[in-house]
Amino acid sequence: MIVYDKLWATMAEKGITQYKLIRCYGISAGQISRLKKNQYVSTHTIEVFCRILDCRVEDIMEYKK
């Protein structure tokens, strides 16, 4: 299973809130909801988050058995 626990820590470290993602970067509330529930998001979405947070994929998500 892919989990996005690291995303929230990276966001806090970079000072980016969920509100800022929605208002300033055009991320939909639905995408954030899917990430919170560890549901599927596209690789494009992951790429957008990497660009916004200036981080690597492994700073956002990881695989857990």
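Read the figures in this text as sums done on the coordinates, not as results from a lab. Values in this document were obtained by computation on a predicted structure and should not be read as measured data. Note: ideal-geometry Cβ built from the backbone for every residue, glycine included; neighbour counts use all protein chains shown.
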How far apart, in nm, are the 7 Å Cα→Cβ label points at Glu13 and Gln39? 2.8 nm
Across the chain, qualifying lysine pairs (alpha carbons under 21 Å, at least 8 places apart or different chains) come out at 13
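Where does the chain land at 222 nm, in deg cm²/dmol rounded to the nearest 500, when only DSSP H runs of n ≥ 4 count, each adding -39500 (n - 2.57), divided by all residues? It would help to have the intermediate numbers written out before the result.
Details: 4 runs with 37 residues, N = 65.
Result for the chain, helices only: -16000 deg cm²/dmol.
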Reduced to Cα centres, the span from segment 8-27 to segment 29-45 in Å works out to 14 Å
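Relative contact order for the chain using alpha-carbon pairs under 8 Å, separation at least 6, rounded to a whole percent?
Working: 52 pairs, mean separation 38.7, N = 65.
Taking the mean separation of contacting Cα pairs over the length of the chain, I get 60 percent.
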Say R0 is 25 Å: what FRET efficiency, to the nearest 0.05, do Arg23 and Met1 get from their beta-carbon distance? 0.25
